[in-house]
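A.B. asks: Handing you a structure now.
Just so it is clear, none of the values below were taken in a lab; they were calculated from the coordinates. Predicted model only: the values in this text are computed from it and were never measured. Neighbour counts are summed over all protein chains in view; Cβ atoms, including those assigned to glycine, are modelled from backbone coordinates with ideal geometry.
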Amino acid sequence: MVIDAHLAYCSGCDRKVRVIVDPRVAAAGREPTAEDLVCLEHGDTCTGELCPLFDVPSEEMKNRYSDLIERARERMGGV
Ligand code: SF4
């Protein structure tokens, strides 16, 4: 599976971060919504309560990222 990452400027970290659309969107054959965007760099440097790029609580982005990683692990056989 190829995941197409895009760079976006995060004012919370003052740098560009990699962002993807959740792969489930393509699998479902539907258009992405704002809820389908995932920052691949959550937790590296973000420390605030709000993710300024996606305008969601930091916990929400953490959950999206954790879910993505968990599904990737399951695809790889639960490593
Ligand atoms: S999740 Fe963190 S690193 Fe990613 S855009 Fe939001 S604040 Fe920046």
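A.B. asks: Of all the Cα-Cα pairs you can form in the chain, what percent are over 15 Å apart?
C.D. replies: 57
A.B. asks: What whole-number distance in Å separates the alpha-carbon centres of region 20-43 and region 51-76?
C.D. replies: Taking the Cα centre of region 51-76 as reference, the centre of region 20-43 is 10 Å away.
A.B. asks: All other residues with a Cβ under 9 Å from the Cβ of residue 56 taken together, and with Lys, Arg as +1 and Asp, Glu as -1, what is their net charge?
C.D. replies: With Lys, Arg at +1 and Asp, Glu at -1, the neighbours total -3.
A.B. asks: Sticking with this one: Running a GNM on the chain with Cα contacts under 10 Å, which residue among 51, 39, 13 ends up with the highest mean-square fluctuation?
C.D. replies: Residue with maximal mean-square fluctuation among 51, 39, 13: 13.
A.B. asks: A further question follows. To the nearest 10 degrees, how steep is helix 58-75 against the longest Cα principal axis of the chain, on a 0 to 90 scale?
C.D. replies: Taking the Cα atoms of the chain, the angle to 58-75 is about 20 degrees.
A.B. asks: For residue 12, what residues show an amide H to amide H distance below 5 Å, using hydrogens built from the backbone and excluding near sequence neighbours?
C.D. replies: HN-HN under 5 Å from residue 12: 53.
A.B. asks: Hey, got a sec? Which trypsin sites (Lys or Arg not before Pro) in region 5-77 land in a DSSP loop and have at most 13 other Cβ atoms within 10 Å?
C.D. replies: Of the trypsin sites (Lys or Arg not before Pro), the ones in loops of region 5-77 whose Cβ has at most 13 other Cβ atoms within 10 Å are 30.
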